[in-house]
Amino acid sequence: MQSLRLTLLETHDFSAVHPAVVYVEELKRAFETDEKGQVSIDSLCDGRYTIHVHGAGYNDKEETVNVLGETSVRIKVDYEEHHLNEVVVKEEHGRTLLQSKEQLDKQHLRAAAGKSLADMLQELTGVTMLSNGATLGKPVIHGMHSNRIVMLNNGVRQEDQQWGGEHAPNIDPFLANSVSVVKGAASVRYGTDAIGGVILVEPPQLSARPGWAGELNLAGFSNNRMGVGSFVAEHTFRNIPALAFRVHGTYKKGGTYRIPGYWVANTGTEERNYSATVAYRKLHYGGELFYSHFSTELGIYRGAHTGNQSDLKNAIDSPYPLVASDFSYEINRPRQEVKHDLIKAKLYADNRWGLWNLIYGYQRNFRQEYDVLRVENGKAQLNLTLQTHTLNVNLAHKSVGSIQGDVGVDAIFQDNRFRDGDRLFIPTYQSAGGALYLIERYARNKWVAEGGLRYDYRFYGVYNPEGNNQQNVYYEYHYNNFSGTLGFRYQPSFRWQWMITAGTAWRAPQANELFAAGLHHGAARIELGNKSLQPEQSYSINAEVKYSHDDKLSADLTVYSQAINNYIFLEPGPELLTIRGYFKTFQYKQSDAWLNGTDLSLHYQWFSHLHSTLKASAVLARDRARNDWLVLMPSDRIALSTRYSADLGKRWKQSFVELNGRYVFQQTRIPKNFDEIDYPRPPAAYFLLDASVGTSVFWGRQPFHLSLSVTNLLNEKYRDYLDAFRYFIDQPGRNIIFRVRVPFDFKNNN
Amino acid sequence: MNYQFLNAVMLTATIATTFSACKKDDPPTPVEQELITTLRLDVSGENGFSKSFSYKIENGFGGGLGGIIQIDTLRLAPELTYQVSARVLNEKENPVEDITTEVIAERDEHLFLYHSAPATGAGSITFSNGSTDGQSRPFNQTIIFSTGTSGTGTLTVHLIHAPSDKSGSTPGETGGETDVEAVFPVVIQ
């Protein structure tokens, strides 16, 4: 049987043509392009086919294709505006900015279904994970995380108390059609704080074809006996083709996880997420309403809650986990319960100025922490509510000559508060901010130049409880600054692409850095805020070269250098005597940091069914003022994966076997005073092997995608430097995962 | 303009106004959870001897660095036995909160540990007849001190929460979490 793969690229900037509908006359069938602008059509016969391409913002195109065996064809499509001077109606929040960017598409996301978002993103070069054991992870981009990266969930800046190292992003990956990571400072478009990079979580476009479609995902994990189920369905009305909606729901429940030889006490998880979207879309205007609810409950390993420094040392020196456990789904103290609600309203319209977009978002993040208590009282000791309103108005203006661009305003209002009688953790504050930005892009022949400028103002009003009676003292902070970016791309041919970007970014110190005053049980240390912190200021330069030789070979090399002045970090101070004994104290201080690094990925096709991918990354993080290394930076790593895939017959398609190996070096670039700050030294290097097999079974035209994966195949005992539980326990052992994905589509040709 | 489109605009506006309603209430006040400030040893002996020795530290939690520190010296006579009752208090509360009752109620999950340096001879204290918990395991909230000959030393008292092995005699052996670590200077004369 023959197959045809179409790749649709825009004539001028080679960007993927997406979303677009490809209609094959002879088959009387329509297909949608994916994010790469690709469509794969199976079960064809050799011969001539007439292809019609139609996509909003693009000129319609008709092309005749000759299919002979496995055929790949590239079709060039023009932007509408180049001929009609009309606006591109492209619903893409990630419309940057010449910037190093990597993406996990739907296929990759579903292949990792059930994992946390941070865990999935580790697949990208330059992205690592900061974790608290196996169940709680945060993405790290080029060594930066939490306050230094921005997440955009469905076009809305995610505000889920991301400053905390033990606060994982409250996003359900099942809702995403793609997750992109913009590596390096990208403040101009995405706002202050995006010093390390931006993560864009994009849901799929609602289809324009009438009828029902959707997908069911199921996964089972052996290690913690976790089950995950997720369902999404969408419908476009036949009578009102502009109106469409989508609903989604995910449920996940896991028990105690296992490290080689032991169960890890109290590490159960439970997650319930759902969302609904309604969209009304016409060619020149439209709107969308989106609501999502994310809720998670997770146990924290009981042994990571220590009383004092010597308890911590005892736990570290113990060859086995100090708290023994059997398998259980029960979640006890210490535990977290987090609920995140998001309401988003979006309107768009075009006029003679260009395409206007308005996105309003309201988020409510409610975090409850249940501490270990002497006497159970059924209450949480921390009840933090963070409410955020965001507003973005963006005009993608019409081309003026060869110049095309975006101008917009951003506004944010935040209210953070705890409940009366909570333990002190982060003070009550209100924050307001506003920004103006302009990004212009000039394209000519093989060159694209882009420049952007942004002005931000940010206000904080903080009520900090102080002194013996914990009286609230009011503080006000006003910050404002410019950020800018300038980038060039040179694309001499389909094969080569050169890009260089320079940018500035800044971020204001966050409430935890200014006012923290608390004990971290997991590290037996007291962290103290610093009310006189200044904003961090970043200057960066990023160069990327991409090469691709059809499907045979592709390579992507990025090098970057970033100076961050007033870099905020925790500096060890004097020990403090408390009723529980002595504790180390750490205070937020500032220094000048300088980060240099590189990301490399290579893809090679040995023959048409066998591919290998090599990925490597390294970051060198210096403290310039002290001429020393920075603490807690990801170590060098290298990963190699090889995949054999083939269609095994009419019913068995896209079958594959894949083997992944990952080697993570020991972090040896540590500050001279490391032993004062931390104990023990960073853990040893480790090698992990993962394997998976899978296939798509067709029952008539209905596919069932099945896969079986094993992570940590060798049941390796290892610890990771960026895991806060490295003091206490190893990383999870072998995990066997079975996944089923059943897409359904009742939209074809109806 | 289309009806649905108008609807969406209206809904957006409604949401925006509903949620932006300004709050004027007072900011909340935090409370240190289950705070212990003091470990007190109520010591009684022969000839009507009855004294209390406190180890009180308000430092460290709830953001305070410069809290009150009061450490009494345990002054006892040589080669005598004393009945000792360990009390844990929150002296930030008024009236003072006696947490001992809670600890006794949860005695299966708690353990007092006593450690003398030197362990024997001049300036030492040895320990016996500690009280037990509901499962006849050590609890040691009340205990007998037997003093050595004249000299000086230190007495360390731990209150351990959720020990994994109650038969241990140091926090390293018992596991669990240290709620109190009190180090008293000892003078026996």
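The values are calculated or read from the model by the stated rules, or taken from the named source; none is laboratory data. Nothing here was measured: the structure is a model prediction, and the numbers come from that model. Here the Cβ positions follow ideal geometry from the backbone for every residue, glycine too, while neighbour counts run over all protein chains shown. SASA here: full protein model, heavy atoms, side chains in, ligands and nucleic acids out. Shrake-Rupley method; radii C 1.70, N 1.55, O 1.52, S 1.80 Å.
Would any residue of the stretch A:241-262 have its amide N under 19 Å from a label point 7 Å out along Cα→Cβ of A:A324? List them or say none.
A:256-262
Just the number, please: carbon plus sulfur as a percent of the accessible area of chain A, 1.4 Å probe, no ligands or DNA/RNA counted.
On the way: 16850 of 29840 Å².
Whole-percent figure for carbon plus sulfur exposure: 56.
Using a 1.4 angstrom probe on the protein heavy atoms only, line up A:Y475, A:Y320 by accessible area, largest first. Could the numbers behind the result be given before it?
Details: A:Y475 55, A:Y320 115 Å².
From most accessible down to least: A:Y320, A:Y475.
Please compute the length gained on full extension between A:L714 and A:Y582, using 0.36 nm multiplied by the number of residues separating them and subtracting their Cα-Cα distance.
Numbers: separation 132, 0.36 × 132 = 47.52 nm, distance 4.08 nm.
Going from the current span to full extension adds 43.4 nm.
Hey, got the dipole for the stretch A:2-83? About the Cα centre, +1 on K and R Cβ, -1 on D and E Cβ, debye to the nearest 20? Mind dumping the intermediate values first?
Numbers: 8 positive and 16 negative charges, 50 e Å.
Once rounded to the nearest 20, the dipole reads 240 debye.
Where both residues lie in chain A, what percent of DSSP beta bridges are antiparallel, nearest 5? Don't skip to the answer; put the middle values down first.
Details: 327 of 345 bridges.
Restricted to chain A, the bridges split so that about 95 percent are antiparallel.
Is there a simple number for the mean count of other chain Cβ atoms within 10 Å of the Cβ of residues in A:464-475, and what is it?
Working: counts 2, 7, 3, 4, 7, 2, 7, 1, 5, 0, 1, 0.
Whole-number average of other-chain Cβ neighbours for A:464-475 is 3.
Using a probe radius of 1.4 Å on protein heavy atoms only, what is the accessible area buried between chains B and A, both sides summed, to the nearest 100 Å²?
Numbers: alone 11310 and 32110 Å², together 38800 Å².
The summed interface area works out to 4600 Å².
Sequence gap at least 6, Cα distance under 8 Å: using those rules, report the relative contact order of the stretch A:310-404 to the nearest whole percent.
On the way: 142 pairs, mean separation 24.1, N = 95.
Contact order relative to length: 25 percent.
Highest mean first, how do A:707-718, A:448-459, A:256-267 rank when packing is the count of other Cβ atoms within 10 Å averaged over residues?
A:256-267, A:448-459, A:707-718
Can you tell me the mean projection area, over all orientations, of the convex hull of chain A's alpha carbons? Units nm², please. If you can, show how the numbers build up before the last one.
Numbers: hull surface 122.3 nm².
Computing the convex hull of the Cα atoms and averaging its projections yields 30.6 nm².
Ranked highest first by average number of other Cβ atoms within 10 Å, how do A:423-429, A:160-166, B:125-131, A:212-218 line up?
On the way: A:423-429: 23.1, A:160-166: 19.7, B:125-131: 15.7, A:212-218: 17.6.
Going from most to least packed, we get A:423-429, A:160-166, A:212-218, B:125-131.
Skip the ligands, DNA and RNA, and give the accessible area per residue of the protein assembly as shown with a 1.4 Å probe, whole Å². Write down the numbers at each step before the final one.
Details: 38800 Å² over 939 residues.
Using a 1.4 Å probe on heavy atoms only, each residue of the protein assembly as shown averages 41 Å².
Quick one: compute the contact order of the stretch A:391-453, relative version, from alpha carbon pairs under 8 angstrom and 6+ residues apart, as a percent. Intermediate values should be presented prior to the final figure.
Values: 110 pairs, mean separation 19.2, N = 63.
The normalised contact order for the stretch A:391-453 reaches 30 percent.
Could you work out the per residue convex hull volume over the alpha carbons of the stretch A:2-83, in cubic angstrom? All intermediate terms of the calculation are to be shown ahead of the outcome.
Values: hull volume 6.2 nm³, N = 82.
In the stretch A:2-83, the Cα convex hull volume per residue is 76 Å³.
Evaluate peptide B:177-186: per residue, the Cβ atoms of other protein chains within 10 Å of its Cβ; return the mean as an integer.
5
What is the mean number of Cβ atoms from other protein chains located within 10 Å of the Cβ atom of each residue in peptide A:540-549, rounded to a whole number?
On the way: counts 0, 0, 0, 0, 0, 0, 0, 0, 0, 0.
Across the residues of A:540-549, the mean count of other-chain Cβ atoms within 10 Å is 0.
Please find the FRET efficiency linking B:A122 to A:N377, where r is the Cβ-Cβ separation and R0 is fixed at 56 Å, and quote it to the nearest 0.05.
On the way: r = 47 Å, r/R0 = 0.84.
Efficiency for this residue pair is about 0.75.
Among A:I300, A:F366, A:N627, flag the residue with its Cα farthest along the positive direction of the charge dipole of chain A, charges on Cβ as +1 for Lys/Arg and -1 for Asp/Glu.
Checked the options; the winner is A:I300.
For labels at A:W212 and A:Q605 in the simple 7 Å Cα→Cβ model, what's the distance in nm?
Between A:W212 and A:Q605, the label points sit 3.8 nm apart.
Using label points projected 7 Å from each Cα along Cα→Cβ, tell me how many nm separate A:V740 and A:L27, to one decimal.
Between A:V740 and A:L27, the simple spin-label model gives 2.7 nm.
Which entries in A:K552/A:K747; A:K28/A:K252; A:K36/A:K717; A:K138/A:K252; A:K183/A:K346 show an alpha-carbon gap greater than 30 Å? Walk me through the intermediate numbers first.
Details: A:K552/A:K747 35 Å; A:K28/A:K252 40 Å; A:K36/A:K717 39 Å; A:K138/A:K252 19 Å; A:K183/A:K346 27 Å.
Check vs 30 Å cut-off fails for A:K552/A:K747; A:K28/A:K252; A:K36/A:K717.
What is the dipole size for the protein assembly as shown, taken about its Cα centre, with +1 at each Lys and Arg Cβ and -1 at each Asp and Glu Cβ, in debye to the nearest 20? Each step should come with its number before you reach the end.
Values: 92 positive and 103 negative charges, 450 e Å.
With Lys and Arg at +1 and Asp and Glu at -1, about 2160 debye.
Towards the positive end of the charge dipole of the protein assembly as shown, with charges on Cβ (+1 Lys, Arg; -1 Asp, Glu), say which of A:S230, A:S601, B:A86 has the farthest Cα.
Comparing the listed Cα positions along the dipole, A:S601 ranks first.
Relative contact order (percent) for chain A, with alpha-carbon contacts under 8 angstrom and 6 or more residues of separation? Intermediate values should be presented prior to the final figure.
Working: 2130 pairs, mean separation 74.1, N = 750.
Once divided by the residue count of chain A, the mean separation gives 10 percent.
Post the alpha-carbon centroid distance, the stretch A:331-381 to the stretch A:561-631, in whole angstrom.
About 28 Å separates the Cα centre of the stretch A:331-381 from the one of the stretch A:561-631.
Compute the length gained on full extension between A:W163 and A:A276: take 0.36 nm times their separation in residues and subtract their Cα-Cα distance, giving the result in nm to one decimal. Walk me through the intermediate numbers first.
Details: separation 113, 0.36 × 113 = 40.68 nm, distance 2.80 nm.
Stretched fully, the A:W163-A:A276 segment lengthens by 37.9 nm.
Gap in Å between the Cα centre of the stretch A:440-499 and the Cα centre of the stretch B:116-189?
58
How high is the FRET efficiency from A:A646 to A:F569, r the C-beta distance, R0 45 Å, rounded to 0.05? Intermediate values should be presented prior to the final figure.
Numbers: r = 51 Å, r/R0 = 1.13.
With a Förster radius of 45 Å, E is 0.35.
Just report the Cα centroid separation between the stretch A:234-308 and the stretch A:393-413, whole Å.
32
Pick out, from A:L9, A:S40, A:I75, the residue whose Cα sits farthest towards the positive end of the charge dipole of the stretch A:2-83, with +1 on the Cβ of Lys and Arg and -1 on the Cβ of Asp and Glu.
A:S40
What is the distance, in nm, between label points placed 7 Å from the Cα along the Cα-to-Cβ direction at B:E93 and at B:S136?
Calculated label separation equals 3.4 nm.
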